[in-house]
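Comments concern the structure below.
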Amino acid sequence: MGVKIVDTCLRDGHQSLFATRMNTEEVLSALEELDNAGYYALEVWGGATFDSCLRFLNEDPWERLRKIRAVCKKTKLQMLFRGQNILGYRHYADDVVDMFVKKSLENGIDIIRVFDALNDVRNLKCAVDSTKKYGGHCQIALSYTTSPIHTIDYYVELAKEVEKMGADSLCIKDMAGVLLPNDAYELISKLKANTKLPIELHSHCTGGICEMTYMNAIAAGVDIIDTALSPLSGGTSQPSTEAFQYALAGTDFDPGLNIDYLKKAADKMTKVKDKYLANGLLNPKALTVNPSILKYQVPGGMLSNLMNQLKAQGAMDKYEEVLNEVPRVRKDLGYPPLVTPLSQMVGTQSVMNVITGERYKMVPKEIHDYVLGLYGKAPGIIDPAIRSKILKGENLKSINHRPADDLQPEFENFKNKYKDICKCDEDVLSCALFENIATKFLENKYNPKPQEDEVEEFNLYI
Ligand code: CO
């Protein structure tokens with residue numbers, strides 16, 4: 001059995017390179033060829049694609065999924081699911097999580113990859129149970145980061161727990177691309193020795209080491225790797241699919257992909273990429289190696305966010321200082337992995353600490369909620385002195401239970417509230433996740449207002 005490959009070009013590829021802006025027509029343009037290439041699965045939905053469809057592309061994300069499913073007859077479809085946050089940015093009640101899982105599977109998803117930023121398995125349980133209940137393949141992804149807490153043993157213990165929870169497979173999700181080749185060898189070897197689960201590795205090329213990391217993981221027995229078709233590979237994205245097919249062909253690890261179909265798909269996707277290079281959404285900088293992420297251990301997207309925040313405040317001279325503050329804030333807060341939404345929260349706190357000249361003088365509400373346990377359990381210990389500074393001396397107790405236990409069922413409320421603009425449960429779910437933008441989108445979808453240029457044309461002929 002060779003190494004299996006999941007191609008990410010239609011989800012993480014464009015999410016990492018040009019802010020998830022690929023539209024459905026472009027997604028479909030090479031899909032037949034991709035479906036024929038022999039992949040284990042295609043990652044096509046979830047992550048930021050749902051938000052992007054509604055917010056930027058005036059598209060129904062559910063329709064995109066159905067169209068993909070209609071073309072993709074042979075290959076499994078995979079999505080990325082942020083645990084209790086689903087595809088949004090807050091915790092949702094269990095009935096919304098359950099319905100979202102049900103509808104994702106009904107509309108064509110086969111594999112749901114579910115993760116939690118803090119690796120708090122309580123935040124995964126509902127999505128995992130629902131995926132199993134409705135017959136989907138449930139993959140649990142562990143957010144990979146480095147810290148005194150996040151040792152190889154930590155991941156091995158978590159993997160055992162995840163296996164007990166009923167996961168069908170396990171993914172190491174190295175969102176920042178900081179997993180070093182030798183660590184990958186040790187990590188994958190120990191995971192293989194301690195669980196029966198198939199192991200998948202997901203990393204990014206940002207720091208320039210990803211191919212080496214993948215090769216060591218393959219030598220250690222990893223079952224599946226995430227790569228992206230060449231036009232959408234490299235830089236802040238995954239390594240190229242074709243490179244791994246050529247490198248492993250004829251060995252025991254041969255992924256068995258059809259090079260002719262890959263080439264045909266790549267020719268079509270190159271046209272898509274060229275459009276985003278020309279319109280500036282794909283910055284060539286995103287395609288070059290950035291070793292700073294290995295020094296600072298922060299994801300590429302977070303580096304550019306920090307730069308934008310500092311530029312907006314005319315404080316670019318503080319960039320280095322902020323980058324050095326990030327690991328200190330992480331330590332204070334018990335080493336949260338830097339993935340959505342924690343990457344934004346830790347980044348903003350670091351900027352505030354440097355700009356105001358006094359650490360934790362200003363604290364975003366999200367950090368306040370985090371120390372109260374409202375995002376789940378911190379991986380390590382939150383520094384007690386920092387905690388009391390963040391809470392401004394208020395004697396507030398942190399919660400010890402699963403944050404979603406405090407949430408009442410909310411699906412029926414959304415259904416009633418938006419009964420005039422929703423035609424199906426999928427519409428209700430869109431409103432539940434992105435209330436403001438989804439309601440506007442649906443109003444326009446079902447009752448389109450005449451376009452302005454059409455009105456003008458009409459007036460012309462009166
Ligand atoms: Co990724």
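The values are calculated or read from the model by the stated rules, or taken from the named source; none is laboratory data. The structure displayed is predicted, hence computed values, not measured ones. Note: ideal-geometry Cβ built from the backbone for every residue, glycine included; neighbour counts use all protein chains shown. The accessibility values were calculated without ligands, DNA or RNA, using every heavy atom of the protein model including side chains. Shrake-Rupley method; radii C 1.70, N 1.55, O 1.52, S 1.80 Å.
Using the C-alpha atoms of the chain, what convex hull volume per residue, in cubic angstrom, is computed?
Details: hull volume 77.0 nm³, N = 462.
For the chain, the hull spanned by Cα atoms encloses 167 Å³ per residue.
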For the range 246-315, what ratio Rg/Rh do Cα atoms give with a Kirkwood hydrodynamic radius? 1.16
How much accessible area per residue does the chain have, in Å², with a 1.4 Å probe? 42 Å²
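Can you compute the helix-only [θ] at 222 nm over the chain? Use -39500 (n - 2.57) per DSSP H run of at least 4 residues, normalise by all residues, nearest 500 deg cm²/dmol.
Numbers: 22 runs with 219 residues, N = 462.
The per-residue figure over the chain is -14000 deg cm²/dmol.
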What value does the range 309-416 have for Rg/Rh, both radii from Cα atoms and Rh as Kirkwood defines it? 1.05
Given the convex hull of the Cα atoms of the range 4-278, what is a quarter of its surface area in nm²? 13.4 nm²
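Please report, largest first and rounded to whole Å, the three semi-axes of the ellipsoid equivalent to the range 84-233, where each semi-axis is the square root of five times an eigenvalue of the C-alpha gyration tensor.
26, 17, 15
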For the range 201-207, in order, what is each residue's ³J(HN,Hα) by Karplus, 6.51 cos²θ - 1.76 cosθ + 1.60 with θ = phi - 60°, in whole Hz (x at glycine and Pro)? 10, 10, 9, 10, 7, 2, x
On the accessible surface of the chain, probed at 1.4 Å with all protein chains in place, carbon and sulfur together account for a percent value of 52 percent
Unmatched cysteines, the chain - criterion: no other Cβ of a Cys under 4.7 angstrom: Cys9, Cys53, Cys72, Cys126, Cys138, Cys171, Cys422, Cys424, Cys431
Between Lys160 and Asn395, what's the calculated FRET efficiency when r is the beta-carbon distance and R0 is 35 Å? Round to 0.05. 0.40
